[in-house]
Amino acid sequence: MTNPTAADHHGGRSSFLDVPRDALILLVGIAASGKSTFAARHFEPTEVLSSDAMRAMIADDAHAQGATEDAFDLLHRLLAMRLRRGRLTVVDATNVEAWAREQLLAVARRHRRPAVAIVLDLPFDVVAARNAARPAPRPPDAALRRQARWLAESVPAMADEGFAAVHRLVTPGQVDEVVVRRL
């Protein structure tokens, strides 16, 4: 398991986060932790399957929670198509619950592709401040706290879930400095 920590960041130098070219990449983190920003910075738009974008495609509203089941059905179908073709694919969703990760990992296993988790496990106060600065509608603090609890429960077990690697970023500096390399 690769696990960049603050010790990996000396004098502002970047750390490298290596991913296989044909992998499923799961971004894992609570709402407002920076998953979509991270995805946009490191991956091509065609490589990213976002639960918000899927909701928008289905209901013309990225925040339409009533469209979530259909959004994930579409996301899983597109994921299977991309992995079947050996295309690196990033899933941009909270992925903080084990059952949700297991469904995605099953798709990767079915297509014999490696899966990598990139966990944005930032301090709650940082994420809450980012969330408060977002335009409405935004998740309430209670939802963020629930997701944070699920994430904290998940992190220790993720190494045994079937990922080829789990990369955990715990500070905004780590998130900003990391460089994703394709192997």
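The values are calculated or read from the model by the stated rules, or taken from the named source; none is laboratory data. What you see is a predicted model; the values in this text were computed from it and never measured. In this analysis, Cβ positions are derived from the backbone assuming ideal geometry, glycine residues included, and neighbour counts consider all displayed protein chains.
Results, tabulated for the structure shown:
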read-out	value
Matching residues in the range 106-127 - criterion: being over 20 Å from A39 (Cα atoms), small (G, A, S) and either touching a residue at least 24 places away in the same chain (Cβ under 8 Å) or touching a Gly at 6+ places or on another chain (Cβ under 6 Å) (or both)	none
Identity of the residue in the range 18-46, acidic (D, E) and out of contact with any helix residue (DSSP H, G or I) (no Cβ under 8 Å at 6 or more places or on another chain), that ends up nearest to V96 (Cα to Cα)	D18
From the options H42, H63, residue that is exposed (fewer than 15 other Cβ atoms within 10 Å of the Cβ), touching a residue at least 24 places away in the same chain (Cβ under 8 Å) and closer than 24 Å to R134 by Cβ	H63
Flag if N131 is in contact with a Lys or Arg (Cβ under 6 Å, 6 or more places away or on another chain) and either under 20 Å from R77 (Cα atoms) or of a type in the set (A, V, I, L, M, F, W, C) (or both)	no
Members of the range 80-105 that are among the small types (G, A, S) and either touching a Gly at 6+ places or on another chain (Cβ under 9 Å) or buried (at least 22 other Cβ atoms within 10 Å of the Cβ) (or both)	A93
Odd one out for R112, checked against (1) loosely packed, with under 14 Cβ neighbours inside 10 Å; (2) at pLDDT below 95	(2)
The range 30-70, residues that are at positive phi and in contact with a strand residue (DSSP E or B) (Cβ under 6 Å, 6 or more places away or on another chain)	G34
